[in-house]
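Notes to accompany the following structure.
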Amino acid sequence: MRFTRSGRTIAGDQATPLLILGEDAGVVMPSGCRMGICFGCVAPVRSGQVRDLRTNQVHGEAGELIQTCISTAATDVELEL
Amino acid sequence: MTEQGTVLMTYATARLSDADIEALGSELDRIRADVVASRGERDASYIHTVIKVQRGLEVGGRTLLLGSLLPPLWLAGTAMLSAAKILENMEIGHNVLHGQWDWMRDPEIHSTTWEWDLVTPAAAWKHTHNDLHHTWTNVVGRDRDIGYTIIRMSEDQAWRPWHLAQPAYNLLLAAVFEWGIALFDLELDDVVHGRKSKRELFDQVRAVLGKAIRQAAKDYVLFPLLSGPSAVPTLVANLTANVVRNVWAHTIIFCGHFPDGVEQFTVAEVDGETRGGWYLRQLLGSANIDGSRLLHVLSGNLSHQIEHHLFPDLPSNRYAEIAPQVRALCGRFALPYTTGPLYHQAASAWKRVFRMAFPSHPRPSHPRPSHPRREAAAVAPYAMA
Ligand code: FES
């Protein structure tokens, strides 16, 4: 799991939302409701795929904006944060 | 809330066990997943059509107003511009800003890029509305939309003598609603109480002033000047369209959470609620408006406030389609599904404005089943750590 702008790389698990992984690693993560409804946490993916915790859908294309609070890593993920 | 209402709601809520609440939650998750899985061309073409109609109305209306010295042109132009503003703010702007159309991955129709024809900047509004109001729906003390900090809308809000005047100032608020919301979104009370820094406020004030100047320049200078001899009637028309939109938006929004039958909550009652509990609160805390397809579109589908609050990011054209399923679920779990025609819901909301103008006792607290997953859920309902 890599945060490209803050230049941090961490080894995260595949069950914890990216928002929490980022915050725990000290990255300044935008957020709001923390439950997938406000879109205050969206961030662009540079590479990798994420899983939507609500639907289990795996998605992610370069440049796609994902909600970090309800997404977990499905592969190695790079986020532009 | 009427006495009878209180008894009924308390009864309805208290009857559900934790297991029931979680079962309700999974049913609602399933409805959501079905819609997400089937989002596609049909939905995209819906929003594209609405945007096309809105642009047509706006261009047509503004064109007619170039000749607004002639009363029929003034009337038709003003009507078209009012409709355009209503569509832009409600069925398009509000819903785009909720991320309902983000899945199309169209940068033009996206929650992160849309700026609407309303004084308050989209970014400020997304914070107070998408985040605060939708997360804390109807929780007195946390949901600032319960009276926008100036109107007393709950027995649990402290009564102050100035509330006696609230029917009058709520009427005024309706006419200038977009300005009221812009001011409200600055969260001045948070600055006073030290929850928000002066620096942040300063940046926001700058953003809102910039937006306000652009909005006023467009409607009250540029387009009137373009109308030459029809400048004054054009200015009056633009002002009228803004007021019509303000009053309409205010009316629809007041019907969403204030009519009789809608439940309010205390902070203690939602302490550590689970995702199922959050769904239940959205259900009990919202009211729909019955009406025609046209009413649904013009209300931005906030006439399906219940469905919108359960699933704020699903495309608005789907709310009408899932409403029967949501209603059936309410039947199954013996929960109320509050709805009624516009005049009835609006009158009911106004009744509350009048009732709360006078002092009253806090309502009795609702007995709630306990939630075992409290602490974890309070931090992040989706954290599975
Ligand atoms: S924090 Fe609100 S959607 Fe992620």
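Could you go through region B:209-230 and let me know if any residue there is among the charged types (D, E, K, R) and touching a residue at least 60 places away in the same chain (Cβ under 8 Å). Outline the logic, then answer.
To start, the set of residues in region B:209-230 that are among the charged types (D, E, K, R) comprises B:211, B:214, B:218-219.
Filter again for touching a residue at least 60 places away in the same chain (Cβ under 8 Å), leaving B:211.
Checked against the condition, which is being among the charged types (D, E, K, R) and touching a residue at least 60 places away in the same chain (Cβ under 8 Å), region B:209-230 yields at least one hit.
Looking at this structure, is B:LEU209 assigned to a helix (DSSP H, G or I) and closer than 17 Å to B:VAL353 by Cα? Steps first, please.
Working: assigned to a helix (DSSP H, G or I): yes; closer than 17 Å to B:VAL353 by Cα: no.
When the stated conditions are applied, B:LEU209 does not pass them.
Determine, yes or no, whether A:ALA25 is farther than 18 Å from B:ARG275 by Cβ, touching a Lys or Arg at 6+ places or on another chain (Cβ under 9 Å) and either more than 8 Å from chain B (Cβ to nearest Cβ) or among the β-branched types (Val, Ile, Thr) (or both). Before the answer, list the steps.
Values: farther than 18 Å from B:ARG275 by Cβ: yes; touching a Lys or Arg at 6+ places or on another chain (Cβ under 9 Å): yes; either more than 8 Å from chain B (Cβ to nearest Cβ) or among the β-branched types (Val, Ile, Thr) (or both): yes.
The answer is yes for A:ALA25.
Can you tell me which residue within region A:29-53, out of those that are surrounded by fewer than 19 Cβ atoms within 10 Å (Cβ to Cβ) and either on the phi > 0 side of the Ramachandran plot or more than 10 Å from chain B (Cβ to nearest Cβ) (or both), is nearest to the ligand (Cβ to nearest atom)?
Restricting to residues being surrounded by fewer than 19 Cβ atoms within 10 Å (Cβ to Cβ) and either on the phi > 0 side of the Ramachandran plot or more than 10 Å from chain B (Cβ to nearest Cβ) (or both), the top hit is A:PRO30.
Considering only residues of region A:54-72 that are within 16 Å of the ligand (Cβ to nearest atom) and assigned to a strand (DSSP E or B), which is farthest from B:ASP131 (Cα to Cα)?
In this case the residue turns out to be A:HIS59.
Could you tell me how many of the residues in region B:112-149 are part of a helix (DSSP H, G or I) and among the polar types (S, T, N, Q)? Working first, answer last.
Start the filter on region B:112-149 by keeping residues that are part of a helix (DSSP H, G or I), which leaves B:122-135.
From the residues that got through so far, the ones that are among the polar types (S, T, N, Q) too are B:128, B:130, B:135.
Residues meeting the conditions: 3.
Which ones in region A:54-63 are open to solvent by 30 Å² or more (accessible area, probe 1.4 Å) and more than 9 Å from chain B (Cβ to nearest Cβ)?
Let us first name the residues in region A:54-63 that are open to solvent by 30 Å² or more (accessible area, probe 1.4 Å), namely A:54-59, A:61-63.
Within region A:54-63, A:VAL58, A:HIS59, A:ALA62 meet the criteria.
Looking at B:GLU200, B:GLU263, which one is over 30 Å from B:PRO341 (Cα atoms) and either open to solvent by less than 40 Å² (accessible area, probe 1.4 Å) or acidic (Asp, Glu) (or both)? Steps first, please.
On the way: B:GLU263 fails: over 30 Å from B:PRO341 (Cα atoms).
Step by step, each of B:GLU200, B:GLU263 is checked, and only B:GLU200 is over 30 Å from B:PRO341 (Cα atoms) and either open to solvent by less than 40 Å² (accessible area, probe 1.4 Å) or acidic (Asp, Glu) (or both).
If you go through region B:82-123 one residue at a time, how many are more than 11 Å from chain A (Cβ to nearest Cβ) and among the β-branched types (Val, Ile, Thr)?
5
When you look at B:SER227, is it open to solvent by 40 Å² or more (accessible area, probe 1.4 Å) and polar (S, T, N, Q), yes or no? Quick ask: steps written out before the conclusion?
Values: open to solvent by 40 Å² or more (accessible area, probe 1.4 Å): no; polar (S, T, N, Q): yes.
Taking the combined requirement at face value, the residue does not satisfy it.
How about region B:92-123: which of its residues are within 16 Å of the ligand (Cβ to nearest atom), under 15 Å from the mean Cα position of the chain (by Cα) and in contact (Cβ under 8 Å) with a residue 60 or more places away in the chain? Explain how you work it out, then say what you get.
From region B:92-123, those within 16 Å of the ligand (Cβ to nearest atom) are B:95-103, B:110-112, B:122-123; that's our starting set.
Remaining after also requiring under 15 Å from the mean Cα position of the chain (by Cα): B:95-100, B:122.
B:ASN95, B:HIS98, B:GLY99, B:GLN100 - these are the residues of region B:92-123 that are within 16 Å of the ligand (Cβ to nearest atom), under 15 Å from the mean Cα position of the chain (by Cα) and in contact (Cβ under 8 Å) with a residue 60 or more places away in the chain.
Residue-wise test of (1) more than 18 Å from A:GLY36 (Cβ to Cβ); (2) part of a loop (DSSP other than H, G, I, E, B); (3) at pLDDT below 95; (4) within 14 Å of chain A (Cβ to nearest Cβ).
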site: B:HIS304; (1), (2), (3), (4): yes, no, no, no
site: B:LEU314; (1), (2), (3), (4): no, yes, no, yes
site: B:PRO324; (1), (2), (3), (4): yes, no, no, no
site: B:ARG327; (1), (2), (3), (4): yes, no, no, no
site: B:LEU335; (1), (2), (3), (4): yes, yes, yes, no
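Of all residues in region B:124-146, which are within 13 Å of the chain's Cα centre (by Cα), away from the ligand (no atom under 16 Å from the Cβ) and open to solvent by 20 Å² or more (accessible area, probe 1.4 Å)?
Of everything in region B:124-146, those that are within 13 Å of the chain's Cα centre (by Cα), away from the ligand (no atom under 16 Å from the Cβ) and open to solvent by 20 Å² or more (accessible area, probe 1.4 Å) turn out to be B:ARG144, B:ASP145.
Go over the candidates B:TRP159, B:TRP103 one by one and state the one that is open to solvent by 20 Å² or more (accessible area, probe 1.4 Å) and part of a helix (DSSP H, G or I).
Working: B:TRP159 fails: part of a helix (DSSP H, G or I).
Going through B:TRP159, B:TRP103 in turn, just one is open to solvent by 20 Å² or more (accessible area, probe 1.4 Å) and part of a helix (DSSP H, G or I): B:TRP103.
With part of a helix (DSSP H, G or I) and within 14 Å of another protein chain (Cβ to nearest Cβ) as the only criterion, which of B:ARG55, B:ARG32, B:ARG62 stands out? If you could, list the steps in order and put the result at the bottom.
Working: B:ARG55 fails: within 14 Å of another protein chain (Cβ to nearest Cβ); B:ARG62 fails: within 14 Å of another protein chain (Cβ to nearest Cβ).
Exactly one residue qualifies, and that residue is B:ARG32.
The values are calculated or read from the model by the stated rules, or taken from the named source; none is laboratory data. Here the structure is a predicted model, which is why all the values come from computation and not from measurement. FYI the Cβ positions are ideal-geometry reconstructions off the backbone, even for glycines, and counts take in every protein chain you see. We work out accessible area using only protein heavy atoms, side chains counted, and drop any ligands, DNA or RNA first. Shrake-Rupley method; radii C 1.70, N 1.55, O 1.52, S 1.80 Å.
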